[in-house]
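Undergrad: Structure in structure tokens, see below.
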Amino acid sequence: ERLAGVGPEATPLLLPRLEPGVAGNDAQKLAARVVAGALEALQPRSFTEDLVKMAQNSSPEGRINVIRVLGSAPDNAPAASALAGLWRNGPTESRGAALTALARMGGPMADQTIDEAFKDPRPEVVRAAVDAVVESKSAAHAPRILAIVKNPNEAGRNVDALARYYAAVPDALNEQHMLAVISFASDPAPRPEDRQRLLEALAPQAKSFTSDIKKSLRKLADMPGATTREAALVLLAVSGDGRAKREALADYEDQIQRNPDWAQSFEARGTVLYRMQEWKEARKDYEKALELSARDLRAKQDTAAIGIARCYMQEGKVKDAADTLRKSPVTPKQLAELARDPLFAPMLENPKLR
């Protein structure tokens, strides 16, 4: 922010610092990425030609930085042409970054290039196009995403990226998209876990479900397949359907009645309640699971503790979530995974809790 605050006059001084060098160390690479962020904010004019030359002669790390800045260039016709060339003919490690920059930029050349990528017969190219559109976080690409969701084979190959797109661009989830997702989940060909993953992307919009969407979900809940059935019931429960909530929890409550000292039953019910956005109820089940697992040397406590922390984060109780993680047997690897989860971003932003 301080670099960008200097103003566009600083651009000639900053451009060379996009290149950390082939043998650049971590500190030099970080500095170059910070400079790239500043130049993105500045949107430098009249330097597109210099950036294009740099892209052709930079190290892999420097080229990625240059591509980021090119994607923010106001004179986007020459920048788009350069990025399209890098996508088609550039080094493998920078092609995805070039396509992402084009997706963010928009315009005729960008649209043409992205359409070509989506129509490519190679799955890996389509995957790169979907990833680029996800990174753009733009609702302008919603029709392209819808076409992928309507193709069960392509949707099955890109489930995670599609779910990330809907999370990043919730405005794209109109009724047409929702019905397409439900149709994908109704298809027996995709894996059950993929159907569940994409269905769960609808949860943030559950309060606005139309009667047609609820009817489609009810039909899905009546189909065979426990995973998909539960996912449909969870969505109906989030939309306010009390009957669906009772149906989704029935099996877990039977397990708890049969064995009230088994930690896993409480943790499993807590997970379903969490998916229903019932944070307090879910936290109580996770806490019970943690209490019971403390008495059983064979039981694991980490997942229940992480569940409690997630509930606290959803409730806005960041300090309570941090205290839970500090006291729990959570591994450094698990903490690193949580650090990448957007839900825990407020904890990362707090110097005392991060």
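Undergrad: Could you tell me the ratio Rg/Rh of the range 4-106? Both radii from Cα atoms, Rh via Kirkwood.
TA: Reported Rg/Rh, Kirkwood definition of Rh: 0.93.
Undergrad: Counting only C-alpha contacts under 8 Å and six or more residues apart, can you give the relative contact order of the chain as a whole percent?
TA: Worked out over the chain, it gives 7 percent.
Undergrad: Same structure again: Over the Cα atoms of the range 41-92, what radius of gyration and what Dmax do you get, in Å?
TA: Using the Cα atoms of the range 41-92, the pair Rg, Dmax is 10.0, 28 Å.
Undergrad: Quick one: with all protein chains in place, what share of the accessible area of the range 28-78 is carbon or sulfur, to the nearest percent (1.4 Å probe)?
TA: 50 percent
Undergrad: Let me ask you something else. Sequence neighbours fewer than 8 away in the same chain don't count; with that in mind, list the lysines whose C-alpha is under 19 Å from Lys319.
TA: Lys280, Lys284, Lys327, Lys352
Undergrad: How big is the C-alpha Rg of the range 1-59 next to the rule-of-thumb value 2.2 N^0.38 Å, as a ratio?
TA: 1.09
Undergrad: Relative contact order for the range 1-158: what percent, with Cα pairs under 8 Å and sequence separation of 6 or more?
TA: 16 percent
Undergrad: With charges only on Cβ, +1 for K and R and -1 for D and E, what is the dipole size of the range 123-208 about its Cα centre, in debye, rounded to 20?
TA: 60 debye
Undergrad: For the chain, find the longest principal axis of its Cα atoms and tell me its angle to the long axis of helix 26-42, 0 to 90°, nearest 10.
TA: 80 degrees
Undergrad: When a/c is below 1.5 the answer is rounded, else prolate if a/b is larger than b/c, else oblate, so apply that to the range 226-354 with a ≥ b ≥ c taken from the square roots of the Cα gyration tensor eigenvalues.
TA: In terms of gyration-tensor shape, oblate.
Undergrad: Largest first and in whole Å, what are the equivalent-ellipsoid semi-axes of the range 137-180 based on the Cα gyration tensor, each being the root of 5 times an eigenvalue?
TA: 15, 12, 9
Undergrad: Cα axis of helix 211-221 to longest principal axis of the chain: angle in degrees, 0 to 90, nearest 10?
TA: Value to nearest ten degrees: 70.
Undergrad: On a 0 to 90° scale, report how tilted helix 175-186 is relative to the longest principal axis of the chain, with both axes built from alpha carbons and the result rounded to the nearest 10.
TA: For 175-186 against the chain, the angle is about 60 degrees.
Undergrad: Another one. Find the relative contact order for the range 171-322 and round it to a whole percent, using C-alpha pairs within less than 8 Å whose residues are 6+ positions apart.
TA: 14 percent
Undergrad: Around Met347, under 14 Å between beta carbons, what's the net of Lys plus Arg minus Asp minus Glu among the other residues?
TA: Around Met347, the charge tally is +1.
Undergrad: Where does each of 305-318, 262-275, 322-335 land if you order them by average Cβ count within 10 Å, highest first?
TA: Highest-to-lowest ranking by the protection proxy: 262-275, 305-318, 322-335.
Undergrad: Once the cut-off is 38 Å, how many percent of the Cα-Cα pairs in the chain end up in the long-distance tail?
TA: Everything past 38 Å amounts to 31 percent.
The values are calculated or read from the model by the stated rules, or taken from the named source; none is laboratory data. Everything numeric in this text was worked out from a predicted model, so none of it was measured. Note that we place each Cβ from the backbone using ideal geometry, even for glycine, and neighbour counts take in every protein chain shown. Protein only, heavy atoms only, side chains kept; ligands, DNA and RNA dropped before computing areas. Shrake-Rupley method; radii C 1.70, N 1.55, O 1.52, S 1.80 Å.
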